[in-house]
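Contents: one structure, followed by commentary.
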Amino acid sequence: MSLRAVIFDLGGVVLGSPLHAIRDYERERGVPHNFVNRVVADTAPHGAWSRLERGELAMEAFYEAFATDCRAAGQEIDVRAMFLRMGEAARPRPSMLGAISRLREAGLKVAALTNNWAHDRDERGDLGVDDGTRALQDRFDVFVESSVEGLRKPDPRIYELVCERLDVTPDVSAFLDDIGGNLKPARAMGMRTIKVSEPVEALRELELIVGMSLVGD
């Protein structure tokens, strides 16, 4: 069956990687490598990070709650400073934006499926820490955010939701994510999956699936 839809994670795929920003923060502060991601995984689905991405915690409450999770695991983390670094890293990748445009021009449906967080406003009305997603919505046919839906990857229900809104079945869909654990449920449902480490390499792999050029002029 030919492909009808391509689903993109945002951070680490369409945007610069928050994982790289976290890695740099850990290295500079002398925090053990991959400590933050281990805390996120070990405390899921009830820890502060999971609750933030399901829209159950406001940012201000999250900062202290996740610091407490990290403290319980043996490290002091300045969560606000780390998230500022993550926001700075969340810049759109031109190669991915170009590929998304080409897919839509060719008649394929394109969706974003992102674990993100709601954005608090401070007393001046300014948005707080940004994850880079808000300016991208018009580039997709469907835009699914964990903080809006109350579901987060790798919960299978959020993959079912994005397929429902695209009006496609998983077996005619492809999904790109930079986290292997987020790809497993999609693959189990029948989606073709691509783990994104380097954007152009991932797009070359996607080219083989869709049968069209997505990289370069």
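Helix-only mean residue ellipticity at 222 nm, the chain, DSSP H runs n ≥ 4 weighted -39,500 (n - 2.57), per residue, nearest 500. What is it? Per the formula, -13500 deg cm²/dmol. Fully extending the segment from Arg38 to Ala106, taken as 0.36 nm per residue of separation minus the present Cα-Cα distance, adds 20.5 nm.
Taking other Cβ atoms within 10 Å as a rough exposure proxy, Glu26, Glu76, Glu56 sort from fewest to most as Glu76, Glu56, Glu26.
In nm, what is the difference between 0.36 nm times the number of residues separating Gln75 and Val148 and their Cα-Cα distance? Could the numbers behind the result be given before it?
Values: separation 73, 0.36 × 73 = 26.28 nm, distance 3.05 nm.
Answer, rounded to one decimal: 23.2 nm.
If you take the alpha carbon atoms of the chain and fit the smallest convex hull around them, that volume is 121 Å³ per residue. Largest GNM mean-square fluctuation among Ala188, Ala202, Ala174, using the chain with Cα springs under 10 Å: Ala188.
Read-outs: derived from the displayed coordinates by stated rules, not from any lab. Fair warning: this is a prediction, and the values are worked out from it, not measured in the lab. Methodologically, a virtual Cβ is constructed for each residue, glycine included, from the backbone with ideal geometry; neighbour enumeration extends over all protein chains shown.
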